[in-house]
Amino acid sequence: MPDTPPPLPAAAPTTVRLTKAGREKRRYPATVLHDDGVRVTVRADWAAPEARDFGFVRFEPGDVFTETYWRDRWYAVKEVRDGRGCLKGWYCDIARPALVAADGLTVEDLDLDLWVSAEGTAVLRLDEDEFAASGLPGTDPEAARRAVRALDELEALARAGGLRGLLA
């Protein structure tokens, strides 16, 4: 069995790499808040120079993301706050378990996403059309099943009272 790298030290700078279909789609700096060997939490600023309006939320320069990744779960949960510290909500990426190394985290996006508004009244499943078009259900049926199961699990948690308990 390969050596497991030690947890990332708190307050250390790191890099988050988001991949999709084997290609890096985004890379950005972050700061490690906590790593217990299973779950790693980092803080990062909105990684794009311009705002992006999704219709249900607008991400913009000044927004701060507190991102939690698991080495053993098929999702990442990102708490989003504006520059004043006001909670916008949680953006959840369905992804393969995070690969964590001394130089950062690598996470493979599986297209499915979930948005949960700050007050919990909006719980939106996103990008199911992109997931179907990705071909993953045909090329890797087990990964596709895990992805759908992860989305269902997060949606159920969000509808049953929110994601705070998951992140505590």
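The values are calculated or read from the model by the stated rules, or taken from the named source; none is laboratory data. Predicted model only: the values in this text are computed from it and were never measured. Cβ sites come from the backbone with ideal geometry, for glycine too, and all protein chains shown count toward neighbours. All accessible areas refer to the heavy atoms of the entire protein, side chains included, with ligands and DNA or RNA removed. Shrake-Rupley method; radii C 1.70, N 1.55, O 1.52, S 1.80 Å.
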Q: For residues that are open to solvent by less than 20 Å² (accessible area, probe 1.4 Å) and in contact (Cβ under 8 Å) with a residue 60 or more places away in the chain, scanning just the range 110-123, find the one that is farthest from PRO13 (Cα to Cα).
A: SER117
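Residue by residue, here is whether (1) over 15 Å from the mean Cα position of the chain (by Cα); (2) in a loop (DSSP other than H, G, I, E, B); (3) under 30 Å from LEU136 (Cα atoms) holds:
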| residue | (1), (2), (3) |
| --- | --- |
| VAL32 | no, no, no |
| VAL40 | no, no, yes |
| ALA47 | no, yes, yes |
| TYR69 | no, no, yes |
| ARG73 | no, yes, yes |
| GLU79 | no, no, yes |
| ARG84 | yes, yes, no |
| GLY89 | no, no, yes |
**Q.** Looking only at the range 78-105, and only at residues there that are crowded, with 17+ Cβ neighbours inside 10 Å and small (Gly, Ala, Ser), the one that is nearest to LEU8 (Cα to Cα)
**A.** GLY104
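Would you mind stating whether ALA51 is open to solvent by 70 Å² or more (accessible area, probe 1.4 Å), over 18 Å from TRP90 (Cβ atoms) and aliphatic (A, V, I, L, M)?
Values: open to solvent by 70 Å² or more (accessible area, probe 1.4 Å): no; over 18 Å from TRP90 (Cβ atoms): yes; aliphatic (A, V, I, L, M): yes.
No.
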Q: Consider only pairs whose beta carbons are under 8 Å apart and that are at least six residues apart or on different chains; among these, list those whose first residue lies in the range 143-159 and is farther than 14 Å from PRO97 by Cα and aliphatic (A, V, I, L, M) and whose second residue is at pLDDT below 95 and not in a helix (DSSP H, G or I).
A: LEU154/LEU163; LEU157/LEU163; ALA158/GLY120
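With respect to TYR75, is the statement that it is touching a strand residue (DSSP E or B) at 6+ places or on another chain (Cβ under 9 Å), open to solvent by less than 10 Å² (accessible area, probe 1.4 Å), hydroxyl-bearing (Ser, Thr, Tyr) and touching a residue at least 12 places away in the same chain (Cβ under 8 Å) true? Even if it seems obvious, please write down each step before you answer.
Numbers: touching a strand residue (DSSP E or B) at 6+ places or on another chain (Cβ under 9 Å): yes; open to solvent by less than 10 Å² (accessible area, probe 1.4 Å): yes; hydroxyl-bearing (Ser, Thr, Tyr): yes; touching a residue at least 12 places away in the same chain (Cβ under 8 Å): yes.
Spelling it out, TYR75 is indeed touching a strand residue (DSSP E or B) at 6+ places or on another chain (Cβ under 9 Å), open to solvent by less than 10 Å² (accessible area, probe 1.4 Å), hydroxyl-bearing (Ser, Thr, Tyr) and touching a residue at least 12 places away in the same chain (Cβ under 8 Å).
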Q) Out of the range 91-108, which residues are part of a strand (DSSP E or B) and among the hydrophobic types (A, V, I, L, M, F, W, C)? A) CYS92, ILE94, ALA95, LEU99, VAL100, ALA101, LEU105, VAL107
